[in-house]
């Protein structure tokens, strides 16, 4: 018993430690990460300098416009995003006044030298002027030019003539910050759809801070700084992009108005209503150009989501338009959408072989179109994931008429041969291939890519043209290189796709509008009647008169064939069982903030 006091003292000391020691730290909440893949590499992240949907699919989550689309409403519904309420629009549709909501800040960045930077109306004035600055070579300039903002085009032209730097500090009557939070735009003519065209859900036209552009200079493509829910954290060009939740993002909650009969949207809203946005912390986007490894990465649970199941695997993923039983058993969910898009073959109208508007050149392009079997492309290359297109107007937009039928989708090699014969495209040297009317070889060059879908469609083109006696050569490059070549006018034929950014079909008609030659109008098509129709449509409210002009414009597009329009795609997206809330956007590209990841359900690799 002589040791009892020391034993009691030891026990007391131990008890004291237990009572005063901090409780063990709770395990940190898992970082909710969305992982998926693009099939084509990004080009960069500066809104005026990008036009490809892959780069824009990223910037849509970084830059914010004044208005956005409800994530669940169908038909689409506009709601304020960083605007304070609805826009004020004059009765003549020439004056637009919009308020920026106070207390919204750009993400922290060294350009701001440690200070919080609030977004103001002046930021939108500056951002719009960047599109007018010739030095940015902005593809999106066409959309602003289209709206005929008083004084903006003149300021751009003056800069071009003087060859001096763009005068950002010059005030113009049509684009003004009336005070810190009030933006006013005035147009030369009526523009009933201006707000939707340039301030609704379009990442290209989000607010950019002047300090950021000047701080990073020619590196601005690598440093996107916006007011949006995510920030670029890491970038391995053409390989992987990593984004993290913007820690300074304002308090914003999930709100939507799904249609009463839309069970899918109602279920999403019931589960996510009122949740703070964004619901995930991190997004990792890989670039996987080949379809098989992209599909396998999803099946192997390396990706949480596959956007646009590759055509090669659609029969495995969704035979007959339904999710495959084995995938459904795993708890996956599929989203099927007839996309507001179109795939096209673009002809360079300045090319000496396929270009020009003389009857012989028009006949050549129409013959090329007639020789190609779009239905075969849909059935074989696209595995029935598309519908034939009749004109360069897409579903779910004004001007689209599912009953409209044209030569665009016709497959008629006999008529193609007759056209070629009639205009002198015959075999003059006896080598089995048709020649140009002057006797020189008729050889077409198609710029393309190395992925499996492109290879399948290239083969269909080769078979089709070979059948009517035309030799085809293929030039394989990555998509960004092809885009550069097309923008410079160094190509003959190039496949591309176009997706609507608004419910107005006139947006798609920019691709044929003469003043936009070399930007949106990649073929450089110029037709006085088409341009007159386009200009008239801009000033008209939606209605029968405007719809009649749409029909006439479509017929002109078919007759001159600056584009061969192929299909409107049916898109199939699939979520893993631990991802929830995805619904394919129609005219907008942001969705990361509207989905959730249940990390506890994700398998551990």
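The values are calculated or read from the model by the stated rules, or taken from the named source; none is laboratory data. Please read these numbers as outputs of a predicted model, since none were measured by experiment. Quick reminder, even Gly has a Cβ in these numbers, built from the backbone with ideal geometry, and neighbours come from all protein chains shown.
What is the residue count in the range 537-572 for residues that are touching a strand residue (DSSP E or B) at 6+ places or on another chain (Cβ under 8 Å) and under 18 Å from residue 373 (Cβ atoms)? Outline the logic, then answer.
The first filter runs over the range 537-572 and keeps only residues touching a strand residue (DSSP E or B) at 6+ places or on another chain (Cβ under 8 Å), leaving 557, 561-572.
Then drop every residue that is not under 18 Å from residue 373 (Cβ atoms), which leaves 561, 563-569.
Number satisfying all stated conditions: 8.
What's the number of the only condition in (1) more than 30 Å from residue 575 (Cβ to Cβ); (2) surrounded by fewer than 19 Cβ atoms within 10 Å (Cβ to Cβ) that residue 366 fails to meet?
(2)
Would you confirm whether any residue within the range 203-210 is outside any loop (DSSP other than H, G, I, E, B) and more than 22 Å from residue 41 (Cα to Cα)?
First, the residues of the range 203-210 that are outside any loop (DSSP other than H, G, I, E, B): 203-205, 210.
Pick out the ones that are also more than 22 Å from residue 41 (Cα to Cα) and you get 210.
Yes, some residue in the range 203-210 is outside any loop (DSSP other than H, G, I, E, B) and more than 22 Å from residue 41 (Cα to Cα).
Kindly list the number of the only condition in (1) outside any helix (DSSP H, G or I); (2) over 26 Å from residue 299 (Cβ atoms); (3) more than 26 Å from the chain's Cα centre (by Cα) that fails for residue 577.
In the conditions (1) outside any helix (DSSP H, G or I); (2) over 26 Å from residue 299 (Cβ atoms); (3) more than 26 Å from the chain's Cα centre (by Cα), residue 577 misses (2) alone.
Looking at (1) surrounded by 20 or more Cβ atoms within 10 Å (Cβ to Cβ); (2) part of a loop (DSSP other than H, G, I, E, B); (3) free of Cβ contacts under 8 Å to residues at least 60 places away in the same chain, which one does residue 392 not meet, given that it meets all the others?
The number of the failed condition is (3).
Does at least one position in the range 258-265 carry a residue that is in contact with a helix residue (DSSP H, G or I) (Cβ under 9 Å, 6 or more places away or on another chain) and either within 30 Å of residue 380 (Cα to Cα) or part of a helix (DSSP H, G or I) (or both)?
No.
Can you tell me which residue among 30, 5 is surrounded by fewer than 17 Cβ atoms within 10 Å (Cβ to Cβ), at pLDDT 60 or above and either more than 30 Å from residue 203 (Cα to Cα) or more than 25 Å from the chain's Cα centre (by Cα) (or both)? First the steps, then the outcome.
Details: 5 fails: at pLDDT 60 or above.
None of the others qualify; the one that does is 30.
Restricting to the range 314-351, give me the number of residues that are in contact with a strand residue (DSSP E or B) (Cβ under 9 Å, 6 or more places away or on another chain) and in a helix (DSSP H, G or I).
Count: 5.
Restricting attention to the range 454-469, which residues are crowded, with 18+ Cβ neighbours inside 10 Å and more than 15 Å from residue 373 (Cα to Cα)?
454, 469
Please go through the range 440-453 and pick out each residue that is assigned to a loop (DSSP other than H, G, I, E, B), at pLDDT 95 or above and exposed (fewer than 15 other Cβ atoms within 10 Å of the Cβ).
Residues of the range 440-453 assigned to a loop (DSSP other than H, G, I, E, B): 440, 442, 449-451.
Within this subset, residues satisfying the condition of being at pLDDT 95 or above are 440, 442.
Of everything in the range 440-453, just one residue is assigned to a loop (DSSP other than H, G, I, E, B), at pLDDT 95 or above and exposed (fewer than 15 other Cβ atoms within 10 Å of the Cβ), namely 440.
Output the residues belonging to the range 399-435 that are surrounded by fewer than 19 Cβ atoms within 10 Å (Cβ to Cβ) and either within 24 Å of the chain's Cα centre (by Cα) or farther than 27 Å from residue 473 by Cβ (or both).
Once the filter is applied, which keeps residues that are surrounded by fewer than 19 Cβ atoms within 10 Å (Cβ to Cβ) and either within 24 Å of the chain's Cα centre (by Cα) or farther than 27 Å from residue 473 by Cβ (or both), the range 399-435 yields 401, 402, 403, 404, 405, 406.
Cβ-Cβ below 8 Å, separation at least six or inter-chain, first residue in the range 92-119 and loosely packed, with under 15 Cβ neighbours inside 10 Å, second part of a helix (DSSP H, G or I): which pairs?
Here the result reads 110/215, each pair linking the range 92-119 to a residue that is part of a helix (DSSP H, G or I).
Quick check on my filter: what residues within the range 408-433 are over 30 Å from residue 394 (Cβ atoms), out of contact with any strand residue (DSSP E or B) (no Cβ under 8 Å at 6 or more places or on another chain) and assigned to a loop (DSSP other than H, G, I, E, B)? Give the steps one after another, and end with the answer.
Start the filter on the range 408-433 by keeping residues that are over 30 Å from residue 394 (Cβ atoms), which leaves 414, 417-418, 420-433.
When the remaining residues are screened for being out of contact with any strand residue (DSSP E or B) (no Cβ under 8 Å at 6 or more places or on another chain), the result is 414, 417-418, 420-424, 430-432.
Result: 423, 424, 430, 431, 432.
Each row is one residue, and each column tells you yes or no for (1) more than 30 Å from residue 452 (Cβ to Cβ); (2) outside any helix (DSSP H, G or I).
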site	(1), (2)
243	no, yes
251	yes, yes
269	yes, no
274	yes, yes
278	yes, yes
289	no, yes
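Considering each of 283, 354, 362 in turn, give the residue that is at negative phi, under 22 Å from the mean Cα position of the chain (by Cα) and either assigned to a helix (DSSP H, G or I) or modelled with pLDDT of 95 or more (or both). Walk me through how you get there before you give the answer.
Values: 354 fails: under 22 Å from the mean Cα position of the chain (by Cα); 362 fails: under 22 Å from the mean Cα position of the chain (by Cα).
Result of the check over 283, 354, 362: 283.
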